[in-house]
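This report refers to the structure that appears directly beneath it.
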Amino acid sequence: MDLQPVKGTRDFFPEQMRERNWLFDVWRKISLQAGFEEYDTCVLEHEELYIRKAGDEISQQLYSFEDKGGRRLSLRPEMTPSLARMILQHQRSLPMPVRWFSIPQCFRYERMTKGRRREHFQWNADIIGQPGVTAEAEILLLLISACREMGLTDSEFRIFLNDRRILNSILEKIQVPEHLHDAVLVVMDKRDKVSPENFSRMLVETGMNASQVEQLKDHLEMPELESLSMALPGCEGINALQELMGLLEIAGFRNFVQFDVTIVRGLSYYTGPVFEMNHPEKSHRAICGGGRYDSLLSTYGGEVIPAVGFGFGDVVILDVLQEHGRSPDLNRKLDFTIIPFEAAQVGTALKLAGDLRAQGWSVECNFGLKKMKKAMQQASESGAERALLLFPEEMERNEVVVRDMKLREQTNIQLEQLLQTPAGGLIRE
Ligand code: HAM
């Protein structure tokens, strides 16, 4: 029997679970503070939700199977199609715009590299039904607040922003036929991962000629939105980004966002602004990615409903926090550990634990009936603030010995007192 988890998946031992809960708590807090509501779906979905004409990489990475009723099902690789399905079910009755978030576990049969696994959790926040860039501004603020809440300093992360319409305008200007656009975007998305020679070769393989490849590369060298706006007059994508940057400037968040014409994002449903977050030097895989997808809902048979959002995975961010020395301090926390030293006190220990828990304290019982030294070692490993020691002699006088684990001080306290006032007044509420 192989005791390792399935390749590319993780076991979460209590230590990793503390870290995961901490991350989810940050995501939940930031979402709720911004007025987003939580939703969820089943990890099993209809396979057809992920089969797209453009041949996205994600469609090649599906964990799919047929159930006993002959249905083609997949483990979800991302949340956005499920969200679209939910919105379409109730689109007439939902008060738009909808601001929803979720923390789903997603499965992709990926080639395993740093930051990429076959299972990950992904914070999703989306605004549906709000067409203008105010929605993008809200979404980007959420990302910035989350990074700050996690302890990253403002110089340790940046959002790189582009617009799919800018990329399409470049391709139109250099006369790349429209039917090649999707394939060219897939190659452009891989630019950072291949050598310049391979990048050119892959572009030629899509059907572009050598002159178009050179012109495209020239445009990708333009770092400023202003220089591109001269090259692409009237481009809607450029106007949208300028409006968005203007809003962020007023709100005081402009410095977190940088225009980057090389950002594509791998999903074919994006129609407008696209973005990813990384270290300012782009030294990691993208920490998160997202964008506007105004036509996804209509491809599932609904009306055209504007939508924008992001997915923020748990894998890269935990690596980033560790590399910056900003992993949270997550020791186990417990108010009391109760230690009886003889079998005769076990019942009293259980009663005490029940009563203290009913008062709202976290209480662990140590029924090992160990000798003092070993029991104290376990008490200190338990992370408890205080140990309640039930010695036979003291118990005869209805007394409990309370040991403060940090100060290493002990006092005796009457059992009734411990139960009458909350924890005998030992811990301030
Ligand atoms: P995505 O760019 O495919 O977008 O993934 C978003 C984020 O999920 C990535 O930036 C990364 O943090 C994490 N991620 C993706 N794949 C893996 C993996 N194999 N291992 C670890 N982490 C991973 C989407 O999924 C879109 N549905 C996001 C979205 C929501 N767009 C609009 N709304």
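The values are calculated or read from the model by the stated rules, or taken from the named source; none is laboratory data. Because the structure is a prediction, the values reported are computed rather than measured. Reconstructed Cβ throughout: ideal geometry from the backbone, glycine too, with neighbour counts over all protein chains shown.
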Give the range 271-315 a look and list any residue that's farther than 21 Å from Lys193 by Cα, within 13 Å of the ligand (Cβ to nearest atom) and of a type in the set (Phe, Trp, Tyr), or say none.
Tyr293, Phe310
With the checklist (1) modelled with pLDDT of 90 or more; (2) part of a helix (DSSP H, G or I); (3) crowded, with 16+ Cβ neighbours inside 10 Å in hand, flag the one item Met208 doesn't pass.
(2)
Counting only residues that are within 14 Å of the ligand (Cβ to nearest atom), touching a helix residue (DSSP H, G or I) at 6+ places or on another chain (Cβ under 8 Å) and of a type in the set (Val, Ile, Thr), how many does the range 92-149 have?
4
Pick from Asp260, Asp218: which is within 22 Å of Asp189 (Cα to Cα) and either of a type in the set (Gly, Ala, Ser) or loosely packed, with under 14 Cβ neighbours inside 10 Å (or both)?
Asp218
Starting from the range 36-57, keep only residues that are over 11 Å from Ser74 (Cα atoms), then list their pairs with residues that are in a strand (DSSP E or B) and small (Gly, Ala, Ser) whose Cβ atoms are within a distance under 9 Å, requiring at least 6 positions of separation or different chains.
Phe36/Ala125; Glu38/Ser102; Tyr39/Ser102; Asp40/Ser102; Thr41/Ser102
Among the helices (runs of 4 or more DSSP H) confined wholly to the range 220-321, which include 3 or more residues that are touching a residue at least 40 places away in the same chain (Cβ under 8 Å), aromatic (Phe, Trp, Tyr) and in the same structural domain as Glu172 (by TED's automatic domain parsing)?
none
